[in-house]
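The values are calculated or read from the model by the stated rules, or taken from the named source; none is laboratory data. If you're wondering where the values come from, they're calculated on a predicted model, not measured in any experiment. Cβ: placed from backbone, ideal geometry, glycine included. Neighbour counts: every protein chain shown. Quick note on the areas: whole protein, heavy atoms, side chains included, nothing else; ligands and nucleic acids left out. Shrake-Rupley method; radii C 1.70, N 1.55, O 1.52, S 1.80 Å.
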Amino acid sequence: MRGRQRFSNRCSQGFTLIEIITVIILLSIVSVIGGRMIITTTESYNQAQSRSKLIQKGRLSIERMTRQLRSAVPNSLRVSGSGACIEFMPLVAGASYLTDVADSSNGVTPRSSIGTASFTLGLGSPAHAVVAPFSSDEVYTAAVPSARVAIGVLGAAPITSVPLASAHQFVRNSINRRVYLGAAPARFCINGTDLVYYTSYVLDTGALGDGDPGGSTSILSGGVAAAPTAFVLALGTQDRNATVDLHLQYSEGGESVVLNHTVFIRNVP
């Protein structure tokens, strides 16, 4: 009976100050650790979400550039000295011509039109006829002979003749007798922190620079930088396609991702 009374008296005395302080310290440690884990998990989730959005934004602009570069007139691509801009001639149509065009070696008299098998136009407004270019230097030039010449007004579809702005002599004939009709040049550039698309400007026969060429301007994406060179062109040959390497860094809200992509450019003589 006395043992039970002593036990009851001890329980009624409660916890000591040291025990209470120890419990408070332990609960504080657990709270700090648990809170930090929650914060870290939340930050990691937000970072993953931000990176996912950046990757999606980057892929959209890269896919658009890829589609347009792949459909460019063969060997019409060129890159500025800094690698911040890439220019190309959008392809509108292609056709087979019926007789050899005048070139620098066959002695054919320069003509003001090219007779072709019937063809129709794709999207865009044709402005130039291009035959067998081996490099962009043969396209962006006012010299004669050259691989490019401005064209006149085409007739109604189906089209069987390409009128030239003037009697022209090409550098060479295409081994497949192919003539390509291209629209006015277009270019993608890193301008500040924007990826910009320039169209509808006058063809420039000088070296490609990084400035605004005029015409129409649209921003494909913001928060973009070269990583470290935006556009790297590896020229093709008659039996090998050209390639364009894209190295772009997309940034937003303190997060950034670098996207690298290679575009294979067809080389059809």
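Assuming R0 = 35 Å, can you tell me the calculated FRET efficiency for the pair THR229 and THR99, based on Cβ-Cβ distance, to the nearest 0.05?
It comes out at approximately 0.20.
Can you grab the distance from the C-alpha centre of region 90-117 to the C-alpha centre of region 199-239, Å, no decimals?
Cα centres, region 90-117 to region 199-239: 29 Å.
Quick one: putting +1 on the C-beta of Lys and Arg, -1 on the C-beta of Asp and Glu, what dipole do you get for the chain around its Cα centre, in Debye to the nearest 20?
The dipole of the chain has a size of about 1460 debye.
I need to check one value: relative contact order of the chain, counting alpha carbon pairs closer than 8 Å and at least 6 residues apart, in percent. Please list the in-between numbers first.
On the way: 557 pairs, mean separation 53.3, N = 269.
It rounds to 20 percent for the chain.
Just reorder LEU259, LEU98, LEU246 by solvent-accessible area, largest first, 1.4 Å probe, all chains present.
LEU98, LEU259, LEU246
What is the distance, in nm, between label points placed 7 Å from the Cα along the Cα-to-Cβ direction at ILE219 and at THR120?
Output for this residue pair reads 3.9 nm.
Work out the FRET efficiency for SER52 and ASP212 from their Cβ-Cβ distance, taking R0 = 35 Å, and round it to the nearest 0.05.
0.60
At 1.4 Å probe size, what's the solvent-accessible area of GLU19? Round to the nearest 10 Å².
Surface open to solvent at GLU19 totals about 90 Å².
Taking 0.36 nm per residue of separation and subtracting the Cα-Cα distance, what length does fully extending ALA157 through THR141 add?
Gain on stretching ALA157 to THR141: 2.8 nm.
Report the rotationally averaged projected area of the chain based on its alpha-carbon convex hull, in square nanometres.
The number I arrive at for the chain is 24.5 nm².
Fully extended, how many nm does the chain gain between ALA150 and THR243 (0.36 nm per residue separation, minus their Cα-Cα distance)?
30.8 nm
Sort MET37, MET65 from largest to smallest accessible area, using a 1.4 Å probe on the heavy atoms of the protein chains.
MET37, MET65
Would you compute, from DSSP H runs of 4+ residues alone, the mean residue ellipticity of the chain at 222 nm, taking -39500 (n - 2.57) per run and dividing by the full residue count, rounded to the nearest 500?
The per-residue figure over the chain is -9000 deg cm²/dmol.
What residue among PRO228, PRO126, PRO213 has the largest mean-square fluctuation in a Gaussian network model of the chain, using Cα springs under 10 Å?
PRO228
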